[in-house]
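*Asks:* Quick one: the structure is below, and I'll ask about it shortly.
Every number in this text was worked out from the coordinates using simple rules, so none of it is lab data. Because the structure is a prediction, the values reported are computed rather than measured. Note that each Cβ is placed from the backbone with ideal geometry, even for glycine, and that neighbours are counted across all protein chains shown.
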Amino acid sequence: MYTTINEKRLYELAKKLLQKEVLDEQIAINQLREVINYADWKYYVQSEPVIADFEYDVLYKLLKELEEKRPDLLSPDSPTQRISAGLSERFPAVSHLVPMLSLDNTYNADDLNDWDKRCREFIDETEVIEYCVEPKYDGASISLIYDNGLLLRGATRGDGVMGEEVTLNIRQIMSVPLSADFIKQGINQIEIRGEIVIHKDKFENFNKQRIAEGLAPLANPRNAASGTLRILDPTEVRKRGLSAMLYHVSYYSVTANKEKPEQLNTHYDTLQWLYSLGFPTPAKEMKIFKHINDVIEYCHEFEQHRDELPFEVDGLVIKVNNIAMQEKMGMTTHHPRWAVAYKFKARQATSKLLKVEFQVGRTGAITPVAKITPVPIGGVTVSSISLFNEDVVREKDVRIGDTVLVERAGDVIPYIVKPLIELRTGEEEEIKFPINCPACNGLLEKQPDEAAWRCINMSCPVQVVEKLIHFASKDAMDIRNMGTANVQKFFDLELLKDIPGIYTIDWDKIKMMGGFGEKSVTNLQQAIENSKKQPLNRVIYGLGIRYVGENTSKILASAVANIRELYDWDIEKLTTLGDVGPKVATSVADFFSRIENRNTIDLLEAAGVNMVNEHKSQPKTEGALNGKSFLFTGTLAKLKRSNAEAMVEDKGGTILGGVSSKLNYLVVGADAGSKLEKAKKLGTVAILTEDEFLELIQ
Ligand SMILES: [Zn+2]
């Protein structure tokens, strides 16, 4: 698949395409697809980006435009066809071409030796069995069918005989090719099996986002992958950035008068072959051994390094390499005989739930935290586990005194899987939620659409400290050594009571108090000084606006030149930003309308903290609209609002958040409301229709 193109050709093609030197539309479309597919393959399968995001976006847009112009040239495997605007209504049940059996598990050397013996019963004594060993990815199993080279169907495992058809969602997984050159290989139809997985770091980010949005984080990458596959909104599936790892060809049919590719004779060659056709397979991680003792040694060795892979791995899979041998061995009613899973030591343990403490977070949310009898799991001792919120507690029906099953997957935070109800004695107590804040004794409140109880006291001491810690944290302003201990100390000594106070700490007092070395004071001062130059998105994130995580902070920061522009943004305008829904928009608008928050921003700015987005505040080079301000209202017929705004900014103009005397042009679409009235009243604003705007901008 990727023998005709390499990086050199990619750059040559991309350059010509970007400069619109390819005039023939059909050729341009083909070349764009070639370049984009190659870039996707390098990025998603090989993890080696070869093209800048910006260039990629331009090429992608170009392809989309050309395809809109030439619908006759549209093809289902075009990279633009991954995205679908529609929703999957439900997932129809489909039957698998060959049942999807699960693997038999082994846990130690004895089990593997037994399995080796059972395999040998099917072959002659003189024959040598080659064993192929690959990681066992902890995700959701899938089956993919390609028909005449095109992805025809993707399905979940289901009960092994029937699965759910999730093709639309599978198309959102960028490492899954929409087409492959099977025709040239003499293959009509092929069923490939594998696992849908999520990168550990993507999973961590995803959970951070969930926590920022007030949702309980998902327990492990496996649940995240299988849950995501069954989401009804494909765009949400795409956002989560799933990956695929394919490891088995379960069925194929060969074109008449053709020979099957000889690679299909062994498992190892099959996966190398799929990899060469553009599929993500463990081609690089596979190992071949001729003796079971070597397999066992490798299993033990690999287990020591299980956390070094980017995906969660819960064991290894050992397969007989020769396919003819596999067929001789066949299967039992439950498992294939020619493959077995070697499972790593479980990262589960049981322990006793001793009591539940209630912690106050920086947004006032009260989190129940289970204290358990300390128990080692996967190399760390676990004694404290978040129960997230009241709904989770009620759903799992955990009680004080219960024996609970605890799991810790990889580097993920531990969680309680379930209480072992059969071990109850009747002495267990239900978990009671407090009605007063454990920190300030203020009354707790709960919004009908939220799971968490909250302390709404603005000066609740724990909330203040948590806000300070968050502002200084690594992902926000990154002030080294301004962690929990120091923040708490300064707060207790009344040397620090709010965020701007970080920049006016009385260092002389601290030096006089003792307990701080000269050097550590200087370091801390320097770290605080450095934080003043942090980019705007970190400042916004650090302010701790509810539901605003790192991602949303970046979106907000890139939309404005100065943070104060957000004071004028209403919910309607905020929701025009990608990824900002009504809940987030309401919270952002509310935050910036509050006088105390505006004061915080004033004080921070006075202290020298950066409040501008430099990228945006630099005047654009000689634009025709330099110094002119615009605002759009109502529904535009021809342009997307975000595109129209980008056009203005490209020409040096600025976008305002509301109607004021600073506004030059108001562009009015259908159903314009109060903004139009206000502009008319002011009398200083030029009111344009969409066509007049287009004329002006040309
Ligand atoms: Zn409180």
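*Asks:* Answer with one residue from V133, A557, L112: the one whose Cα lies farthest towards the positive end of the charge dipole of the chain, charges on Cβ with Lys, Arg +1 and Asp, Glu -1.
*Replies:* Looking along the dipole axis, the top candidate is A557.
*Asks:* Let me ask something additional. Could you size up the charge dipole of the chain around its Cα centre, putting +1 on the beta carbon of Lys and Arg and -1 on that of Asp and Glu, and report it in debye to the nearest 20?
*Replies:* Details: 86 positive and 101 negative charges, 293 e Å.
Rounded to the nearest 20 debye, it is 1400 debye.
*Asks:* Using only the Cα atoms of region 104-343, what are the Rg and Dmax in Å?
*Replies:* Cα radius of gyration and Dmax of region 104-343 are 18.7, 63 Å respectively.
*Asks:* Average the reciprocal distances over every distinct pair of alpha-carbons in region 1-83, invert the result, and give the Kirkwood radius in Å. Walk me through the numbers before you get to the answer.
*Replies:* Numbers: mean 1/r = 0.0777 Å⁻¹.
After inverting the pairwise mean of 1/r, the radius is 12.9 Å.
*Asks:* Over the residues of region 526-624, compute the C-alpha Rg and express it relative to 2.2 N^0.38 Å.
*Replies:* Numbers: Rg = 13.7 Å, N = 99, 2.2 N^0.38 = 12.6 Å.
Taking the Cα Rg and dividing by 2.2 N^0.38 Å, one obtains 1.08.
*Asks:* Taking a temperature of 10 °C and a viscosity of 1.306 mPa s, what whole-number D in µm²/s does Stokes-Einstein yield for region 348-434 with Rh from Kirkwood over alpha carbon pairs? Show your work: numbers first, answer last.
*Replies:* Values: Rh = 13.2 Å.
Answer from the Stokes-Einstein relation: 120 µm²/s.
*Asks:* Give me L242, L97 sorted ascending by neighbouring Cβ count inside 10 Å, so fewest comes first.
*Replies:* On the way: L242 26, L97 17.
Listing L242, L97 from fewest to most nearby Cβ atoms yields L97, L242.
*Asks:* Considering the chain, which cysteines have no disulfide-compatible partner, defined as another cysteine with its Cβ under 4.7 Å away?
*Replies:* C119, C132, C299
*Asks:* Another question about this same structure. For K432, give me every one of the lysines with a C-alpha distance below 26 angstrom, ignoring sequence neighbours fewer than eight places off in its own chain.
*Replies:* Reachable lysines: K352, K355, K371, K396, K418, K446.
*Asks:* Compute the length gained on full extension between E121 and E301: take 0.36 nm times their separation in residues and subtract their Cα-Cα distance, giving the result in nm to one decimal.
*Replies:* Details: separation 180, 0.36 × 180 = 64.80 nm, distance 2.83 nm.
The E121-E301 span can extend by a further 62.0 nm.
*Asks:* Dipole magnitude of region 476-602 about its Cα centre, charges +1 at Lys/Arg Cβ and -1 at Asp/Glu Cβ only, in debye to the nearest 20?
*Replies:* Values: 16 positive and 17 negative charges, 58 e Å.
Approximately 280 debye in magnitude.
*Asks:* A follow-up question, please. Tell me, what is the percent relative contact order of the chain, built from C-alpha pairs under 8 Å that lie six or more residues apart? Numbers along the way, then the final one.
*Replies:* Values: 1181 pairs, mean separation 63.2, N = 698.
RCO, the chain: 9 percent.
*Asks:* Counting pairs of alpha carbon atoms under 8 Å apart in space and at least six apart in sequence, what relative contact order in percent does region 348-434 give? Don't skip to the answer; put the middle values down first.
*Replies:* Details: 172 pairs, mean separation 24.2, N = 87.
Relative contact order for region 348-434 comes out at 28 percent.
*Asks:* Let me understand the chain better: what is its radius of gyration from the alpha carbons, and its Dmax, in angstrom?
*Replies:* Computed over the Cα atoms of the chain, radius of gyration and Dmax are 29.8, 97 Å.
*Asks:* Most exposed first by the Cβ proxy, i.e. fewest other Cβ within 10 Å, how do M477, M100, M329, M458 rank? Show your work: numbers first, answer last.
*Replies:* Details: M477 25, M100 22, M329 17, M458 10.
Result, fewest neighbours first: M458, M329, M100, M477.
*Asks:* Between D110 and S642, what's the calculated FRET efficiency when r is the beta-carbon distance and R0 is 56 Å? Round to 0.05.
*Replies:* Values: r = 63 Å, r/R0 = 1.12.
Calculated value: 0.35.
*Asks:* Classify region 619-698 from the C-alpha gyration tensor, please: rounded if a/c falls under 1.5, else prolate or oblate depending on whether a/b exceeds b/c. Present the calculation step by step, with values, prior to reporting the outcome.
*Replies:* Details: a/c = 1.95, a/b = 1.27, b/c = 1.54.
Judged from the Cα gyration tensor, region 619-698 comes out oblate (a/c at least 1.5, b/c at or above a/b).
*Asks:* Label-point separation (nm) for A607 and S674, each offset 7 Å from Cα along Cα-to-Cβ?
*Replies:* Result: 3.5 nm between the two label points.
*Asks:* To the nearest 0.05, how large is the calculated FRET efficiency for S661 and A485 if R₀ is 60 Å and r is the Cβ-Cβ distance? Before the final figure, lay out each step's value.
*Replies:* Numbers: r = 50 Å, r/R0 = 0.84.
Result of the calculation: an efficiency of 0.75.
*Asks:* Expressed as a rounded percentage, what relative contact order does region 461-531 have, with Cα pairs under 8 Å and six or more residues apart?
*Replies:* On the way: 51 pairs, mean separation 21.7, N = 71.
Normalised by residue count, the contact order of region 461-531 is 31 percent.
*Asks:* What is the magnitude of the charge dipole of region 323-407 about its Cα centre, with +1 placed on the Cβ of each Lys and Arg, -1 on the Cβ of each Asp and Glu, and no other charges, expressed in debye to the nearest 20? Please report the intermediate quantities before stating the final value.
*Replies:* On the way: 12 positive and 8 negative charges, 67 e Å.
So the magnitude is around 320 debye.
*Asks:* While we're on this one: Name the residue from A646, F693, S660 whose Cα lies farthest towards the positive end of the charge dipole of region 619-698, charges +1 on Cβ of Lys and Arg and -1 on Cβ of Asp and Glu.
*Replies:* S660
*Asks:* Answer with one residue from H199, G378, A527: the one whose Cα lies farthest towards the positive end of the charge dipole of the chain, charges on Cβ with Lys, Arg +1 and Asp, Glu -1.
*Replies:* Farthest along the dipole direction, towards plus: A527.
*Asks:* Test of understanding: ordering S629, S243 by Cβ neighbours within 10 Å, fewest first, what list do you get?
*Replies:* Working: S629 17, S243 23.
The order, fewest Cβ neighbours first, is S629, S243.
*Asks:* Kirkwood-based Rg over Rh for region 461-531 (C-alpha set), two decimals? Write down the numbers at each step before the final one.
*Replies:* Values: Rg = 11.2 Å, Rh = 12.1 Å.
Ratio of gyration radius to Kirkwood radius for region 461-531: 0.92.
*Asks:* Here's a follow-up. Looking at the square roots a ≥ b ≥ c of the eigenvalues of the Cα gyration tensor of region 311-470, which shape do they give, rounded for a/c under 1.5, prolate if a/b is larger than b/c, or oblate?
*Replies:* prolate
*Asks:* Moving on to the next point. Apply 1/(1 + (r/R0)^6) to the Cβ-Cβ distance of F54 and I183, taking R0 = 35 Å, and write down the FRET efficiency to the nearest 0.05.
*Replies:* Working: r = 35 Å, r/R0 = 1.00.
Using R0 = 35 Å, I get an efficiency of 0.50.
*Asks:* Hey, another quick one. Can you list the aspartates and glutamates whose alpha carbon is less than 15 Å from that of K662, not counting same-chain residues fewer than 8 positions off?
*Replies:* By straight Cα distance, K662 reaches E565, D568.
*Asks:* K16: which lysines have alpha carbons under 23 Å from its alpha carbon, excluding same-chain residues fewer than 8 sequence positions away?
*Replies:* Answer for K16, where 23 Å is the Cα cut-off: K8, K42, K61, K64, K69, listed by chain and number.
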